[in-house]
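A short reminder: the numbers here are calculations on the coordinates, not readings from a lab. Remember, it's a predicted structure, so these values are computed and weren't measured experimentally. So basically every Cβ, Gly included, is an ideal-geometry build from the backbone, and we count neighbours across all protein chains shown.
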Amino acid sequence: MTPLSACNFGPEVTANVSSLTACATALRGQLEADEVRFEADESETNTFYLLFCAALVFLMQAGFALLSAGSVRMRSVKNILLKSVMDACFGGLVWYLIGFGFAYDKSEDGNAFIGGSGHNFALSGADDTTGKKDYGHDAVFFFFQYCFAAAAATITSGAVAERCTLVGYCAYVFAIVGFVYPTVVHWVWDEHGFLSAFNKDAMLTGMVDFAGSGVVHMTGGICAFTGAFIIRPRKGRFGELPEHAFAGQSASLQVLGTFLLWFGWYGFNPGSTLALHNYARDAARAAVTTTLSAATAATTGILLKRFAPGSCGGSPGVWDLGHTCNSLLGGLVSITAGCTTVEIWASVVIGFIGAFFYHGASCLMRRLKIDDPLDAFAVHGACGLWGCLAVGFFCTCDYSYTESGTACGVFYGGDGLLLATQIVGTVFITLWVGALSAILFSGLMAGGLLRISKEVEDAGLDNSKHGGAAYPDIATAIEEATERITPKRITSATDAAGA
Amino acid sequence: MASPPSPSAPPFPPNGVTLANLQNGQALDAFYLLVCGVFVFFMQCGFALLEAGTVRSKNTKNILLKNLLDACIGAIIWWAWGFGVAYGDSGNSDGNTFIGTAPNNGGPFLARRPLIATPRARYVFAATAATIVSGAVAERCALEAYLIYTTVLTGFIYPVVVHWVWCNNGFLSGAFTEDKDKTILGGCIDFAGSGVVHLTGGVAALCGAIAIGPRLGRFDADGKVVPMPGHSAPFQVLGTFILWMGWYGFNPGSTLGITPAGYGTIMARAAMCTTLSAAVGGITVVFFDRIFSQTYDVAMVCNGILAGLVSITAGCACMLPWAAFLTGFIGAFVYYGASKLLLKLQIDDPLDAFAVHGACGFWGVLAVGWFGHYDYLSFGWDGKNGDVAGKAHYGIIYGGGMLFSAQLVALIIEVAWVGGLTALLFFALKKTGLLRVSREIEEVGMDSSKHGGSAYHN
Amino acid sequence: MASPPSPSAPPFPPNGVTLANLQNGQALDAFYLLVCGVFVFFMQCGFALLEAGTVRSKNTKNILLKNLLDACIGAIIWWAWGFGVAYGDSGNSDGNTFIGTAPNNGGPFLARRPLIATPRARYVFAATAATIVSGAVAERCALEAYLIYTTVLTGFIYPVVVHWVWCNNGFLSGAFTEDKDKTILGGCIDFAGSGVVHLTGGVAALCGAIAIGPRLGRFDADGKVVPMPGHSAPFQVLGTFILWMGWYGFNPGSTLGITPAGYGTIMARAAMCTTLSAAVGGITVVFFDRIFSQTYDVAMVCNGILAGLVSITAGCACMLPWAAFLTGFIGAFVYYGASKLLLKLQIDDPLDAFAVHGACGFWGVLAVGWFGHYDYLSFGWDGKNGDVAGKAHYGIIYGGGMLFSAQLVALIIEVAWVGGLTALLFFALKKTGLLRVSREIEEVGMDSSKHGGSAYHN
């Protein structure tokens, strides 16, 4: 290659044609080399970007774990923590072995219903041993999607907390991560899926669910609903014991968990562009809409809870922290589907309405006497549904990305086809997940595998199954205090009886 | 006579490389802002835990709620008008030297800028300023008052300071205002906001703490301090670590980009200086405190680390490592002195918010006037190596001089602005009886009276 | 006929595009290091919480303080001379095969390298090595002794190992030393530090635990183990998750750059292998333990995950997914066996620091000798696909052989070096009575006697 020094003409330009040509050739060679480098830089930045976002999403596992641990009673803390950790571990293996293969096909002529090309089962088709040009796409994409799958599975564990056996738990993680969830992913996100916006021949326009209000959260939320319904309430939940007996054991952990989830959502939503180059604008917008929807939902939620009458699920006069956290999460779930396809102001509206969806669903669950300790259905199911529908209203024509022609929301002059698609899509998800999880949970329940025995529930899960309390020092202190107080109470009771 | 280019000549401009390069850079910058913004956002979580761990358990839910709402309300205000007040129309230049007037950024229904990450990254800074105050008035401030001061602070007081220091045309902006005659003494250098963010928060915190008065029983009849330890040391430590981590977004991220020439180096230097200052701050405070208290106090290490972090925030991009070391070292004593002074004056600041953010923020801005290195002060100065109108604009120890005066003037103006307005605000709130909860509520704790029960259950 | 270029022609060379491009790449690498460094830094937070959750509440503040100070002191020492000892003058090459001699990096008043991010990223590794030890001697080690061993470990023992394995010219460095004759058997492959970081920490931890003796009441008169459960399961789990997340900076980030060709692939592979190994480690340990203990133990699953992570650290960049799976699976048993063995020998290691970091670190380095894939071992090998002097330098199952021996030799040398020096150190501390706190203090707990009260208050 001609060296670039050919272009060193000095201060006085005295170049002739041959020296100019030499210089031009040198530059051209250099620039061509540069272009190769640019491509490499771009691809590797994309890998880095996805890795970073996936790591944030991964930290959501910690968020779920702490939120759950803070929201249950002290007797079940270790149990729920164990389940959260196992989601990340066991779920990871199931996803690696089968789930990822069902979700993403990778072949030219994939099935519209489920992936089956074999490429992604145990990553058997992934090959980065030859050449250096694939930039690790398969591996990092697997990692990103794994974090999503683990999130979908964790949602359910909140709804059946404090009363589900570990066997039942493993069974449903296997079913959700291995089959139920990947099928939905395939429908909506794989380019062969029959609901997929990336598929030209999709049903109607193809569903616009950018980061998974429907795919991830509704799937988890519906599963949570059937699970909570079939497993029945915790002992004494409705009627026998007062409400505060079921208050979460640590508000600090709840808030920490909420913040970690919110933090992770900045990987979840912007990261769903799956690449940085050509998508930086979308990723940046997703970060802003995510922020504003969450903020609005929380602010709305706290006022709603305080000023709504008791008959509508309000607790007048109380600034309720737990409700604020859940509203915030509801806002995050609501914007997940539309985070890149709506305008900034619309995210505020979506979050505002999302708070009502959460509040309403939470009240409804209590009315129906379905015990959902984490409000998993209200947060993920109801707000997930709203998130999908909201896209049908607010999706702008500029930001929409459907392959079968541009489809926009009805507020932007869309013909309603997108809204119809969103409705049909959520119906499909609800039916599929609802039916399968109902079969699964009732089967487990009938087989006596789902719910822990009465004795274990009375003694507390941690004591009977996990070798002692989560806070042994506090447990000892409470025991001692009880021993000291109990005789006194008996004495005073006797006195009272005597008088 | 000009000959036409021969067909074999390389195309000009060559293959759109320049364009690709630019796009590459823009995407990368957006990503960079996203990452740093996320880290800074995480600081909200750090503050929440630090404050929750430092108050008593009967007020835990209250302080957690305030921190959550800071993040939420801050976002909405910043989006609706705060960003417009701070940055004006185009995001950086606006004719006014005092305040941004900004239909485009300010009007929520119009804002559609290509790089939307910028306001987001900055929003978290705004929330930080408000959060600092909530620590100083913890355990006794009414939620209504809190809502009011958060709105005023993030919606007006703070963005105006931002406009002065960080905007083109701001009259204190040494790094951005191109026409130096518009600035006072050439303007001050406050890279990531020791003054803009922390001093603002800290001074407001001090006014709040004075106006609201000490917690019940904080000082006994003789004026001696009654210890009121926080309810959870692990949360304090967790909060500190998260804040420290977030600072790696706060300081390096304040380049607001990574692709311009030399920014990678600035970023790396900022990260390095931040680490050193934080580390030396933590060590110095804990061992110095040991002399008086005879104990190794965890809370002291935490506050020392934060003091070091705040001190280096202004100068992290323009100091040599040893200067960062020294800045953190001195910052530790500034923190310690301010903290003890407040107790002497019977001002009760549960989180030491003034000592950490106010005092060390002040010191941090001054430190640039001492240690600002001439080679590093060229950023934003059009490459003129720190010369303003021919006068040396760098640290005193390198023979500069005017920079120190500029820093000092900027500090005085900031303190006067923030102190004046917040004093007015807090005393107005006090007069109307909105500021403080009633004696009964304070005794029982706010969680059971206002938030439906304790933070912890069995 | 040559015409002079017209004045309107584009400048030559055109606008420094090439230069900008290079800067882009450098900036990107710096950014990458920053992000990974921050993740790894966050591991300090993970360790703090894991250890705090695992000790009893009466020693919580003590262990938190130690973790905070690790982060602080580690930074200062690493900056002042540790980095020079490890990497020598120019940051990567130094004539000496044994130790770096480095006025420039080591001299704090001279250090002005363009890309200062590198030492920062590595500092956190150094702090990690020291933190591991604090887990093994938790609840009974005096703060003075702790300060001494942290200084020695991060200032001398650890950086020397780094120099051997990770520097050009290090005599164990299979990946960096260009002149293979300087290395033993071609040098070992330890990508992110199963051996360099974890084995070093783990072996030091073992020496410390042996020297200091078990906690009071840990073993009853018959030598049976008395359970001493940690005081907070949520903190254990949170700590584990944070560590796991940090490992995504630790392992992929050890490429130390992203723009060189093929590094994106390495990074992605490292992330995937890390995930698989951690997951399988956690599951295997909890179900295996269930057979003996009849309980599903949260602490076990946490330690299993960490065991899987440590095991894959050396080989995360050079294994196929199934090999990573197997490495984690075997690592789980290595951890379990080592943990039970220590209890059998009546060595009290509250955090299982040796079992997790020492034993699994050992296994991790060996695993590369088994499973190192020939296609992946070309990084740093000048693209020669793992051939050293014509001999196959990859895993045994692919027909290699010398690599396994090289790994084994490296392990033996590392264990001897670290074990010898730390044994000397800890027994010297013990002899002088500095190592362990008095019986009274241990019974009451260190928080109330040394740190001004319990970690928790109401």
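Figures for the structure shown
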item: Dipole of segment B:26-450, positive end: most advanced residue of B:142, B:258, B:268 [Cβ charges, Cα centre]; result: B:142
item: Assigned charges on the beta-carbon of Lys, Arg, Asp, Glu; segment B:26-450 dipole about Cα centre (debye); result: 460
item: For segment A:36-461: relative contact order, % (alpha-carbon pairs under 8 angstrom, 6 or more apart); result: 22
item: At R0 = 51 Å, FRET efficiency that the Cβ-Cβ distance of residue C:346 and residue A:424 yields, to 0.05; result: 0.15
item: Mean Cβ count within 10 Å, highest first, over the residues of peptides A:437-444, B:236-243; result: B:236-243, A:437-444
item: Projected area, mean over directions - segment B:26-450, Cα convex hull, nm²; result: 19.1
item: Test item: Cα-centred dipole of segment C:275-364, Lys/Arg +1 and Asp/Glu -1 on Cβ, debye; result: 180
item: Rounded to 10°, Cα long-axis angle of helix A:321-336 versus longest principal axis of chain A; result: 30
item: Cβ charges +1 (Lys, Arg) and -1 (Asp, Glu), total dipole of the protein assembly as shown, debye; result: 2780
item: Projected-area average for chain A over all orientations - Cα convex hull basis, square nanometres; result: 33.1
item: For residue C:355, net neighbour charge (Lys/Arg +1, Asp/Glu -1) across residues whose Cβ lies under 11 Å away; result: -1
item: Inter-chain Cβ neighbour average for residues A:139-147, partner chain, 10 Å; result: 5
item: Compactness index (Cα Rg / 2.2 N^0.38 Å), segment A:285-329; result: 1.26
item: Tilt relative to chain A, helix A:137-159 - C-alpha long axis, 0 to 90 degrees, to 10; result: 20
item: For q = 0.07, 0.09 Å⁻¹, Debye-computed log10 I/I(0) when each Cα of the protein assembly as shown counts as one equal scatterer; result: -0.71, -1.25
item: In segment A:36-461, lysine pairs closer than 27 Å at Cα, eight or more apart or cross-chain; result: 14
item: Rg to Rh, two decimals, where segment A:193-252 supplies the alpha carbon set and Rh follows Kirkwood; result: 1.27
item: Residue-averaged beta-carbon neighbours from other chains (10 angstrom radius) around C:282-291; result: 3
item: Inter-copy separations for residue B:432, label at 7 Å along Cα-Cβ, nm, ascending; result: 6.4
item: Environment charge at residue B:438 (Cβ cut-off 12 Å; Lys +1, Arg +1, Asp -1, Glu -1); result: +1
item: Shielding by other protein chains, A:460-472, mean Cβ within 10 Å; result: 5
item: Cα-based helix-to-principal-axis angle, A:219-231 vs chain A, degrees rounded to 10; result: 20
item: Percent antiparallel among DSSP beta bridges (both partners in the protein assembly as shown, rounded to 5); result: 70
item: Residues whose placed amide H lies under 5 Å from that of residue B:55, excluding near-sequence neighbours; result: B:231
item: Under-5 Å amide H pairs with residue C:188, H placed in peptide plane, nonlocal only; result: C:173, C:174
item: Anisotropy class of segment B:294-443 from Cα gyration tensor, a/c 1.5 cut; result: oblate
item: Convex hull projection area averaged over all views, segment A:132-266, Cα basis, nm²; result: 11.6
item: Karplus-derived 3J(HN,Hα), 6.51/-1.76/1.60, for each residue of segment C:153-164, Hz, glycine and proline x; result: 5, 6, x, 9, 4, 5, x, 5, 4, 4, 4, 4
item: Whole-angstrom Cα spans of segment A:82-154 along principal axes, big to small; result: 41, 31, 15
item: Lysine pairs with alpha-carbon atoms under 24 Å apart, segment C:26-450, spacing 8 or more or separate chains; result: 18
item: Ordering of A:71-79, A:171-179, A:308-316 by burial proxy (mean other Cβ atoms within 10 Å per residue, highest first); result: A:71-79, A:171-179, A:308-316
item: Peptide ranges A:194-202, B:341-349, B:298-306 listed from the most packed, as the mean C-beta count within 10 angstrom indicates; result: B:298-306, A:194-202, B:341-349
item: Least to most buried among B:57, A:213, C:448 (fewest other Cβ within 10 Å first); result: C:448, B:57, A:213
item: Estimated D of segment B:187-264 in µm² per second, where Rh is the Kirkwood radius over Cα pairs and Stokes-Einstein applies at 37 °C, 0.692 mPa s; result: 200
item: Summed side-chain charge close to residue B:452 - residues other than residue B:452 whose Cβ falls under 11 Å, Lys, Arg +1, Asp, Glu -1; result: +1
item: Cβ-vector label at 7 Å, residue C:225, separations to other copies in nm; result: 4.4
